[in-house]
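Here's the structure, in structure tokens; my notes come after.
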Amino acid sequence: MSNGLKITFSNGAETLSLFYKIYSHKSAVKWFNIVKDAIKRKSKLLSDTSFVVTEQDKNNLIAYINDLIKRINVKHNLEVIQITENSDLNKLHQDVADITGELWDTINDAIHSYEQYKVQHGNEPRLNAYFQFDEEDYIPLEQSDYLFFKADRDFGDLCMNYTYKGKHWLEVASDNDIEAITDGQLQPEDRIKAQGYMLFRPSDIEPYFKLNQFVTWYEKNIAGPSISSHLAIGYLLVGKLVMPAVWENRIDWTLMLSNYKTLTDIELVELDMTHDFLYFNISRMI
């Protein structure tokens with residue numbers, strides 16, 4: 001039996017449950033234990049999905065972001081300009097960086113959803129989702145924990161979600177956001193919290209593609225200390241979606257998942273991987 005999570009999504013009419021096997025390395029176990037404690041305390045679950053696939057999804061998201069901008073301008077007496085299809089999202093990040101509370105959380109999630117949509121290519125959708133429990137408990141990262149951070153992630157990976165308001169090093173490099181280094185947005189990860197980040201998108205063409213891009217960018221733009229694990233490059237990898245090793249209809253399944261845009265529940269489960277086909281069946285993968 002293995003430690004696992006059952007994560008349920010809803011499309012408003014029915015639900016779809018996915019199963020995640022938690023890895024056995026020490027950092028993943030620490031993460032799982034803090035999630036387990038949050039669930040047992042019945043802490044409030046917060047979540048969001050970046051399940052933006054169609055042109056209509058995109059148009060709805062732009063309209064939603066602009067509505068949030070209107071609300072932010074009224075509440076915080078700002079003059080943030082509404083976005084169009086080709087607006088600079090880094091600029092929008094900067095324009096709303098000083099606000100706090102629920103509105104910031106909401107527009108930050110929406111910006112990331114649009115960024116995710118804009119990097120889609122080919123016929124395979126790129127989806128992600130996150131969850132967090134509304135509490136401040138955390139475990140400081142130990143030196144060995146940094147070794148389990150990963151820049152290049154694959155379909156079905158479960159990571160700890162980034163726990164700060166700002167940006168981590170990989171995000172700064174991906175956005176080429178040099179200003180984030182000096183304006184207070186950069187905050188390398190240094191703790192484990194009850195937060196998760198799930199990916200449903202194709203792997204890159206090489207296993208170290210994003211890490212190589214980061215190293216090249218860092219050496220070109222940063223005159224400071226050499227790269228070290230303490231930069232926390234990427235995300236702490238903690239588990240994997242229970243899914244078929246050979247999965248011919250994965251694209252169709254991912255498109256189906258994109259209709260289940262609300263993450264509704266997280267449960268602790270013990271997984272019997274000798275009967276993995278049962279989990280495939282519940283998740284409608286076969």
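A few remarks follow.
- Residue identified as buried (at least 19 other Cβ atoms within 10 Å of the Cβ), within 20 Å of the chain's Cα centre (by Cα) and either modelled with pLDDT of 95 or more or β-branched (Val, Ile, Thr) (or both) among TYR260, TYR279, TYR208: TYR260
- Among (1) out of contact with any strand residue (DSSP E or B) (no Cβ under 6 Å at 6 or more places or on another chain); (2) in contact (Cβ under 8 Å) with a residue 24 or more places away in the chain; (3) not hydroxyl-bearing (Ser, Thr, Tyr), the one test that GLN82 misses: (2)
- Residue in the stretch 5-27 that is more than 19 Å from the chain's Cα centre (by Cα) and assigned to a helix (DSSP H, G or I) present: yes
- Failed condition for SER113, given (1) assigned by TED's automatic domain parsing to the domain that holds LEU92; (2) of a type outside the set (D, E, K, R); (3) modelled with pLDDT of 95 or more: (3)
- Among the residues making up the stretch 68-88, those that are under 23 Å from the mean Cα position of the chain (by Cα) and assigned to a helix (DSSP H, G or I) are LEU68, ILE69.
- Candidates SER24, SER50 - the one that is surrounded by fewer than 17 Cβ atoms within 10 Å (Cβ to Cβ), among the small types (Gly, Ala, Ser), in contact with a Ser or Thr (Cβ under 9 Å, 6 or more places away or on another chain) and closer than 27 Å to PHE133 by Cα: SER24
- Applying a threshold of 8 Å to beta carbon distances and a minimum spacing of six or more residues, or different chains, the list of pairs starting in the stretch 131-154 at a residue that is free of Cβ contacts under 8 Å to residues at least 60 places away in the same chain and ending at one that is in a loop (DSSP other than H, G, I, E, B) and among the small types (Gly, Ala, Ser) reads ASP154/SER203.
The values are calculated or read from the model by the stated rules, or taken from the named source; none is laboratory data. All values derive from a computational prediction rather than experimental measurement. Positions of Cβ are backbone-derived with ideal geometry, glycine not excepted, and every protein chain shown enters the neighbour counts.
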